[in-house]
Amino acid sequence: MVPLYPINTNNGDLEPLVPILPDDSKLTGFQITGWTLNGVNAPTSGSNGSLTQNGLTANYTAPNQLPNPNPVAVSVYLNANNYLGGISTFIINSSINVREDGYYLTLNVNGSSYTFYEWGFNGQVPPDPNDQWLVNAGYTDGSIGITASEVVNGSFGEVWFVIDYSNPNVGNKLLHGSNDNGEDGVSLSLTSLAGQYEIDYTERHMSNQVCDYVNKSGLFYVNLSQFDLTSHIAEGSFHGSIYYDSPLNQDNCETSEEITVSGDFYLYLAF
């Protein structure tokens, strides 16, 4: 904020504003004081990968298996001389998303993580053909459809997850369910959870012994970092809230049960 000086009591005019110097003119003599990987000082090596400093740069090497949490955080710590005197300290962070070799989708829900693969591309074959963690992705009529499921002996198993949304583009997009006058959809089913979770839900509360309700659509985002119809590649992440509206919620005038899910994907779009 530019400082305002007191009004001159002789003429009642505002004093001229004091110009503020650009940030880069206030600091000199930047020095790197250290690097960290997920808060651990470099050099370090473990299940999150390895990080070694090399002069003014650092080298990160991914682990043989996906780290948890993923992405990992690489940070560089800087000191600089402030023209007003003293030392200013800065931390610059970068997130590195480690992905499997090939096409995949990861799903995180209720503290559990599931990984599904788009078998059949890049020479990938499931290690157990009788128990496949399978994801398929397609693009048609301006919409992306992603279906991830466990397939046991040719039939759907316990887990399935679906994202279907229109007008995909690189960047962050808020999905709109039917309760929000949209056509986007998110569905999740796990046997460890009761019922099927959806992006649409019902908000309820009692008023004068009457159950008032409003139908809403949850906040769910898909962030595409790559969307190329020439190479058929869709890469990105997702996070948000989905809901299950049980008969108990309805009988007790309760809002639909909410859970949060997140994940990332690197998929081949069939069309």
(request) Would you point out which residue out of 251, 245 is of a type outside the set (A, V, I, L, M) and closer than 24 Å to residue 183 by Cβ? (result) 245
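Within the range 161-190, take every residue that is among the β-branched types (Val, Ile, Thr) and under 26 Å from residue 112 (Cβ atoms) and give me the one that is most open to solvent (accessible area, probe 1.4 Å).
Only one residue fits best here, namely 162.
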(request) Please enumerate the residues belonging to the range 256-271 that are assigned to a strand (DSSP E or B) and aromatic (Phe, Trp, Tyr). (result) 265, 266, 268
(request) Pull up the range 256-271, narrow it to residues that are among the hydrophobic types (A, V, I, L, M, F, W, C) and open to solvent by less than 50 Å² (accessible area, probe 1.4 Å), then point me to the one that is farthest from the chain's Cα centre (by Cα). (result) 269
(message) Which condition from (1) in a strand (DSSP E or B); (2) surrounded by 10 or more Cβ atoms within 10 Å (Cβ to Cβ) is the one that residue 70 breaks?
(response) (1)
(request) Pick out, from the range 206-255, the strands (runs of 3 or more DSSP E) lying fully within it that include 3 or more residues that are surrounded by 18 or more Cβ atoms within 10 Å (Cβ to Cβ). (result) 220-228, 233-244
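Checking the condition touching a residue at least 12 places away in the same chain (Cβ under 8 Å), open to solvent by less than 50 Å² (accessible area, probe 1.4 Å), under 30 Å from residue 265 (Cα atoms) and not in a loop (DSSP other than H, G, I, E, B), which residue from 58, 80 passes? Steps first, answer last, please.
Details: 80 fails: under 30 Å from residue 265 (Cα atoms).
The unique qualifying residue is 58.
For residue 203, state whether it is in a loop (DSSP other than H, G, I, E, B) and either open to solvent by 70 Å² or more (accessible area, probe 1.4 Å) or farther than 29 Å from residue 117 by Cβ (or both).
On the way: in a loop (DSSP other than H, G, I, E, B): no; either open to solvent by 70 Å² or more (accessible area, probe 1.4 Å) or farther than 29 Å from residue 117 by Cβ (or both): yes.
Criteria not met by residue 203.
The values are calculated or read from the model by the stated rules, or taken from the named source; none is laboratory data. Remember, predicted model here, so these are calculated numbers, not experimental data. Don't worry about glycine lacking a Cβ; one is built from the backbone with ideal geometry, like all the others, and counts go over all protein chains shown. Heads up: the accessible areas ignore ligands, DNA and RNA and are worked out on the full protein's heavy atoms, side chains in. Shrake-Rupley method; radii C 1.70, N 1.55, O 1.52, S 1.80 Å.
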